[in-house]
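Take a look at the structure below.
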Amino acid sequence: MDNRENEKSQETGLIDITELLMDYLRIFRRMWAWVLILTLLGTGIFYIRARIHYTPMYTASATFTINIQKDQQGLGESSGTATYFNNSTAEQMATTFPYILTSGVLRRKIAKDMGTEAVTGNIKATVAENTNLLTLSVTDQDAGRAYAILQSVIENYPSISEVIVGKTNMEMLDETGIPSMPDNPKNFKRNAVKGAAVGFFAAALWAGILVITRRTVRKEADIHKWMHTRCLGTIPQINIKRRSRETQQRLLLTEPKTEEALQESLRIIRNKVEYNAREYHLKTFLITSALAGEGKSTVAVNLALSLAQTGHRVALIDCDLRHPSDRQILGMEEGVGLGEVLEKKAKLQECLKRAEDMGLDRELRIVFLPGGAVLNDGSELLGTERMKVIIEKIGELVDYVILDSAPAGLLTDSVVLAQHADAAIFVVRKDFARVDFIMDGMEHLAESRIQIIGGVLNGV
């Protein structure tokens, strides 16, 4: 039993990691523009910075053999002992060199020789391990000055080091002369590549932070976890090659290209809606979402069609007066609708559309009240007694009323409209709205005390 639980836990962990990687790749692809911008920005910054701050540095150096003078060696010493002392002396000279520089004695002598107040170059001494080879080097922005400083170091250093290590002979083996090439040749391309890598890494890191910190609804379990309600079903992501605006908008259950993909999903959602309607005596359903673009209008239209296909009498009312889109989804031309009826500019019977008016099978018992002209503020009209009367009149003709409302997380229209509905269905697009936005929308609906029977996960 324990082994089965462990295997199940490992499988769950593997699934979570896989989903995390898939989410990362999806977000990374989604922010490709920012990836490009940051990569180009890093390339430009590093390239310009390299050009502005580029300073050529030249190094002049000379290598010597260090030998202690014979009067210090002693007459009885062997050649091996002399070699040891020579090597040791070279090491001492290299070791004490930084202290001599720090004390300023050598720098003052060099500055006096060159007739300057201070020495600008970087001076150092190194010794090859287990040898008596000492190398003096000077690095400066000016090649000629580096060589001049080196010559002054060669002339003054032995006399200063004599106090510490005794008298020595420095025999020059090699010197560079005045350097002709800088130690750091121009390579702005490398800086540009480095900048591009930094920019790309910053974008990748940003995507990773978004995956970890950006809480969105990604699977059915998240609806219960974050929204504290049941999942009525999922709607698949449908990708169709579109050639015109009409086919772009008609993502309908009745369309041959989408029927197979939507049929099973809508059947599951429809059955749960019918169950809730029977169990809790519900008739009027409010369809909303947290943000625009989550597909709540497409879900509302297709839910109404699915209910009508089972023989129910259904009414679909586009109550999103600020952005009415149900007419476009159904492929209908613009015209008057709910807004004009509420403003008493048109009669209800003139605006109601039957199945044949929508290009559907005339046997479908469905009526549709479009939204009409765009209104900047529709909440006042939706909260009137006239709106209540319209819903009641239409409700007398049908078994179900579907109200397509504006996003609850952005506007108060849904809260106002909720007083005329029996229950609400919350549409959530996968990995789209942040959980806090969704919760804000649900809290707004909760203020009207409407029953939220569940959520629909769109774009799976």
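Among the candidates 307, 316, 321, 286, the residue that is under 20 Å from residue 393 (Cβ atoms), out of contact with any strand residue (DSSP E or B) (no Cβ under 7 Å at 6 or more places or on another chain) and surrounded by 23 or more Cβ atoms within 10 Å (Cβ to Cβ) is uniquely 321.
Yes/no matrix, rows are residues, columns are (1) touching a Leu at 6+ places or on another chain (Cβ under 9 Å); (2) open to solvent by less than 60 Å² (accessible area, probe 1.4 Å):
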position	(1), (2)
150	yes, yes
166	no, yes
170	yes, yes
181	no, no
184	no, yes
193	no, no
199	yes, yes
225	no, no
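Just one residue in the set 230, 250 is more than 23 Å from residue 367 (Cβ to Cβ), touching a Gly at 6+ places or on another chain (Cβ under 8 Å) and modelled with pLDDT under 95; that residue is 230.
Taken together, 340, 294 contain a single residue that is open to solvent by less than 20 Å² (accessible area, probe 1.4 Å), more than 21 Å from residue 396 (Cβ to Cβ), out of contact with any helix residue (DSSP H, G or I) (no Cβ under 6 Å at 6 or more places or on another chain) and modelled with pLDDT of 90 or more, which is 294.
Every residue, every condition in (1) under 30 Å from residue 21 (Cβ atoms); (2) without any contact (Cβ under 8 Å) to a residue 60 or more places away in the chain; (3) assigned to a strand (DSSP E or B); (4) more than 60 Å from the chain's Cα centre (by Cα), yes or no:
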position: 162; (1), (2), (3), (4): no, yes, no, yes
position: 170; (1), (2), (3), (4): no, no, yes, yes
position: 180; (1), (2), (3), (4): no, yes, no, no
position: 190; (1), (2), (3), (4): no, yes, no, no
position: 204; (1), (2), (3), (4): yes, no, no, no
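Just to be sure before I move on: is residue 123 open to solvent by less than 30 Å² (accessible area, probe 1.4 Å), part of a helix (DSSP H, G or I) and either touching a strand residue (DSSP E or B) at 6+ places or on another chain (Cβ under 9 Å) or not aromatic (Phe, Trp, Tyr) (or both) in the structure I sent? So residue 123 fails the test.
On inspection, residue 156 fails the criterion of being in a strand (DSSP E or B) and either out of contact with any Pro (no Cβ under 8 Å at 6 or more places or on another chain) or open to solvent by 40 Å² or more (accessible area, probe 1.4 Å) (or both). Note on the range 207-221: among residues that are touching a Leu at 6+ places or on another chain (Cβ under 8 Å) and part of a helix (DSSP H, G or I), the one that is least open to solvent (accessible area, probe 1.4 Å) is 211. Among residues of the range 365-379 being in contact with a Gly (Cβ under 8 Å, 6 or more places away or on another chain) and within 14 Å of residue 394 (Cβ to Cβ), the one that is most open to solvent (accessible area, probe 1.4 Å) is 365. For the range 437-450, the criterion of being assigned to a helix (DSSP H, G or I), loosely packed, with under 15 Cβ neighbours inside 10 Å and modelled with pLDDT of 90 or more is met by no residue.
Under the condition of being touching a residue at least 60 places away in the same chain (Cβ under 8 Å) and part of a helix (DSSP H, G or I), the residues counted in the range 132-153 number 5.
May I ask you to verify whether residue 41 is in a helix (DSSP H, G or I), surrounded by 15 or more Cβ atoms within 10 Å (Cβ to Cβ) and at negative phi? Yes: the conditions hold for residue 41. Within the range 335-354, the residues that satisfy the criterion of being under 45 Å from the mean Cα position of the chain (by Cα) and either hydrophobic (A, V, I, L, M, F, W, C) or part of a loop (DSSP other than H, G, I, E, B) (or both) are 335, 336, 337, 338, 342. Only one of the listed residues (96, 102) is β-branched (Val, Ile, Thr) and modelled with pLDDT of 70 or more. That residue is 96. Comparison of 276, 302, 271 shows that the only residue that is open to solvent by less than 10 Å² (accessible area, probe 1.4 Å) and either touching a Pro at 6+ places or on another chain (Cβ under 8 Å) or under 13 Å from residue 454 (Cβ atoms) (or both) is 276.
Residue pairs whose Cβ atoms lie under 6 Å apart, separated by 6 or more positions or on different chains, with the first residue in the range 351-374 and under 16 Å from residue 329 (Cβ atoms) and the second aliphatic (A, V, I, L, M) and open to solvent by 60 Å² or more (accessible area, probe 1.4 Å), are 372/336. Taking the range 388-418 as the range and being open to solvent by 50 Å² or more (accessible area, probe 1.4 Å) and modelled with pLDDT of 90 or more as the test, the residues that pass are 388, 389, 392, 393, 396, 397, 399.
The values are calculated or read from the model by the stated rules, or taken from the named source; none is laboratory data. Worth saying up front: this structure is predicted, and the values here are computed from it rather than measured. With ideal geometry, Cβ positions are generated from the backbone for all residues, glycine too; neighbour counts draw on all protein chains shown. Only protein heavy atoms, including side chains, enter the accessible area calculation; ligands, DNA and RNA are left aside. Shrake-Rupley method; radii C 1.70, N 1.55, O 1.52, S 1.80 Å.
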